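Have a look at the structure below before the remarks.
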Amino acid sequence: MQIKADQMAKFARLMVSKSAPCRRYLNTFAPVAARGESEKDSSWFRRLRSIHEPARLPSTIDKWIAEGAAIKKFHVSGWVYRLRQIRMYPHALEVSQWLENNKVMSNTDRAMHIDLLSKTKGGLVKAERYFNGLKTPEKTAETFGALLNCYCFKCMTGKAVDLVEMMKEFGITPTAWNMNHLLFSHLKVGQPEKVSLLVQLMDDFGFAPDLYTYNHLMVSYADLKDYDGVEKVLEQMSASKVKPNWCTYGTLARIYIKAGFDAKATEALESIERMESLHDPGAFKTLITLYGQTNSLSGVYRVWESLNSMPSNVRNECYLSLLISLAKLGDVDGLEKYFNEWKKSHSKHDMRVYDVILKSYLDRGMLDKAELLSKFLIKKQVKPTFKTLCTYMNFYLKKGQTDIALQHLEQGATKLKERKYKDWFPDEETVNLFLKSFEDKKDTASAQKFFKITKGLNCLDSKISYSDYSLLPSDLVKRKTQKVNE
């Protein structure tokens with residue numbers, strides 16, 4: 001199942017409330033030796049990752065051992081973990097298969113193997129087949145948890161719940177992390193009404209909701225427009241002596257902003273500001289971003305000024321959030337001031353920052369400044385992002401220059417096809433602008449070129465033909481969304 005762009009954005013926002021448990025989950029796979037590698041171990045690992053054909057890795061390890069290399073099981077488990085960390089999943093799977101072939105798998109290794117199977121060719125089908133083939137003693141909390149994680153990641157909530165029931169039959173209690181991931185997957189697929197029932201299931205297993213559970217529970221009530229329920233969650237947290245953190249108040253503020261309760265959102269943000277020993281850059285970025293969304297320029301600047309007492313690395317990480325908020329609030333002088341300050345303090349060229357400035361220039365019709373900045377970036381060999389290209393396309397489409405917009409689309413499509421991990425391109429706003437342009441102008445030729453370029457990018461229903469340019473944009477978007485949800 002694929003997820004719509006707006007759902008993916010929601011997914012990214014919600015992740016702030018569970019980044020810590022994600023790290024804990026990944027760390028359960030980490031062999032102790034992987035955290036303190038020897039020089040020889042590091043050399044072996046570098047040689048493994050440099051091999052282009054993953055299938056050669058098991059025989060390479062066998063060859064080293066035959067030549068007398070003192071390779072231990074914990075070395076190999078460590079390589080699997082580290083290859084997975086850098087997303088070399090086929091390589092990691094081949095090394096994991098070496099452990100399986102040599103019958104030295106631990107339950108943690110088997111859990112990792114399940115995870116890797118789901119991420120490589122064959123995917124979840126092979127992961128399920130491997131799990132089902134395990135002996136009863138090998139079906140442990142680790143291996144059950146790994147398969148449950150696969151289901152949750154793929155938004156297969158039905159199979160995930162069935163697996164939890166199977167765990168009960170085996171007398172295995174899911175971890176709080178397992179259950180929180182299950183809650184989160186229901187939020188991702190738009191089933192908030194099931195979250196409270198799953199929280200009750202956690203109680204049946206005998207463990208109380210934690211901070212992340214409560215955060216998800218708040219979001220579920222908000223999605224149901226039950227704002228009294230949201231506030232009752234805070235009361236439950238207080239009664240259970242679970243102390244809210246900045247993520248909790250950030251989630252609460254987002255809920256209130258979306259609902260139009262700006263005063264309550266401000267109260268939640270001020271609760272973050274009052275917290276002691278707040279050093280997490282994420283907290284300050286959240287504050288700046290959300291004050292921007294409540295149209296509070298004074299709040300944005302107050303938080304920014306508070307960063308003067310923070311380490312420089314914390315302040316530096318917050319420039320992007322500051323510039324985005326200033327651009328949104330139309331503070332042109334502040335935007336220029338802090339953009340110039342950022343340039344002086346940063347030697348690396350972060351295209352995300354330049355994207356904000358380019359969009360600001362184009363939104364204000366300052367094409368000359370935008371072109372100067374583009375020439376500067378070309379000179380510095382800074383490559384445009386997909387967001388850069390969408391910004392230019394939107395600008396030219398609004399000016400009626402469809403031909404130039406199509407040139408930028410073609411550039412992005414070529415770039416995307418070269419990438420291993422696909423981005424969502426072009427974004428929904430850009431697609432809608434193209435479709436509206438074709439309808440308004442009855443521009444058959446441009447429509448045909450558009451559909452030809454976007455074929456295979458998964459941004460439109462593949463069934464839409466070149467002749468469909470005459471459909472209303474809303475109809476095309478509806479058909480596109482139906483395809484994405486299949």
Original post:
For the chain, what relative contact order do you get, as a whole percent, if you take Cα pairs closer than 8 Å and at least 6 residues apart?
Top reply: 9
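So, by mean Cβ neighbours within 10 angstrom, what's the order for 358-370, 41-53 with the highest one leading?
358-370, 41-53
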Subject >> Dipole moment magnitude, nearest 20 debye, the stretch 168-270 about Cα centre, only Lys, Arg, Asp, Glu C-beta charged >> reply: 220
Subject >> Residue among Leu457, Leu182, Gly171 farthest towards the positive dipole end of the chain, charges placed on Cβ >> reply: Leu457
Subject >> Local net charge near Glu142, Cβ-Cβ under 11 Å (Lys/Arg +1, Asp/Glu -1) >> reply: -1
**OP:** Kindly provide the helix-only [θ] at 222 nm of the chain, computed as the sum of -39,500 (n - 2.57) over DSSP H runs of four or more divided by all residues, to the nearest 500 deg cm²/dmol?
**Re:** -21500 deg cm²/dmol
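Place a +1 charge on the Cβ of each Lys and Arg in the chain and a -1 charge on the Cβ of each Asp and Glu, then give the dipole magnitude about the Cα centre in debye, rounded to the nearest 20. Write out the running numbers ahead of the final one.
Values: 74 positive and 57 negative charges, 339 e Å.
The dipole magnitude comes to about 1620 debye.
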Original post:
Going by alpha carbons, how many degrees (0 to 90, nearest 10) lie between the helix axis of 351-363 and the longest principal axis of the chain?
Top reply: 30
Original post:
Considering the alpha-carbon set of the chain alone, what are its Rg and its Dmax in angstrom?
Top reply: 25.4, 73
Original post:
Between the helical axis of 246-259 and the dominant principal axis of the chain, each derived from Cα atoms, what acute angle in degrees is found, rounded to the nearest 10?
Top reply: 40
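What full-extension length gain, to one decimal in nm, is calculated for Met166 and Phe207 as 0.36 nm per residue of separation minus the Cα-Cα distance?
The span from Met166 to Phe207 would gain 12.9 nm if fully extended.
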Original post:
Assuming R0 = 45 Å, what is the FRET efficiency of Ala239 and His346, from their Cβ-Cβ distance, to the nearest 0.05?
Top reply: 0.45
Original post:
Can you tell which of Gly158, Thr143, Tyr227 lies farthest toward the positive end of the dipole of the chain, using +1 and -1 charges on the Cβ of basic and acidic side chains (Lys, Arg; Asp, Glu)?
Top reply: Thr143
Original post:
In the structure displayed, which of Lys103/Lys135; Lys225/Lys264; Lys159/Lys241; Lys343/Lys379; Lys264/Lys343 lie more than 25 Å apart, Cα to Cα?
Top reply: Lys159/Lys241; Lys264/Lys343
Original post:
Cα axis of helix 444-454 to longest principal axis of the chain: angle in degrees, 0 to 90, nearest 10?
Top reply: 30
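Taking a threshold of 32 Å on the Cα-Cα distance, which of the pairs Lys194/Lys436; Lys243/Lys344; Lys383/Lys449; Lys72/Lys188; Lys154/Lys344; Lys119/Lys380 fall above it?
Details: Lys194/Lys436 38 Å; Lys243/Lys344 40 Å; Lys383/Lys449 25 Å; Lys72/Lys188 41 Å; Lys154/Lys344 43 Å; Lys119/Lys380 36 Å.
Flagged as over cut-off: Lys194/Lys436; Lys243/Lys344; Lys72/Lys188; Lys154/Lys344; Lys119/Lys380.
Quick check: at a probe of 1.4 Å, how many percent of the accessible area of the chain sits on carbon and sulfur atoms?
Working: 12690 of 24450 Å².
The nonpolar share, carbon plus sulfur, comes to 52 percent.
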Subject >> Which of Phe395, Ala208, Tyr319, positive extreme of dipole for the chain (C-beta unit charges) >> reply: Phe395
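Take every Cα pair under 8 Å in the stretch 322-384 that's 6+ residues apart, average their separations, divide by the length, and report that relative contact order as a whole percent.
Numbers: 25 pairs, mean separation 18.9, N = 63.
For the stretch 322-384, the relative contact order is 30 percent.
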Subject >> Centre separation in Å (Cα based) which lies between the stretch 55-121 and the stretch 262-283 >> reply: 44
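The values are calculated or read from the model by the stated rules, or taken from the named source; none is laboratory data. The structure displayed is predicted, hence computed values, not measured ones. Don't worry about glycine lacking a Cβ; one is built from the backbone with ideal geometry, like all the others, and counts go over all protein chains shown. Accessible surface is based on the protein model in full, side chains and every heavy atom, while ligands, DNA and RNA are left aside. Shrake-Rupley method; radii C 1.70, N 1.55, O 1.52, S 1.80 Å.
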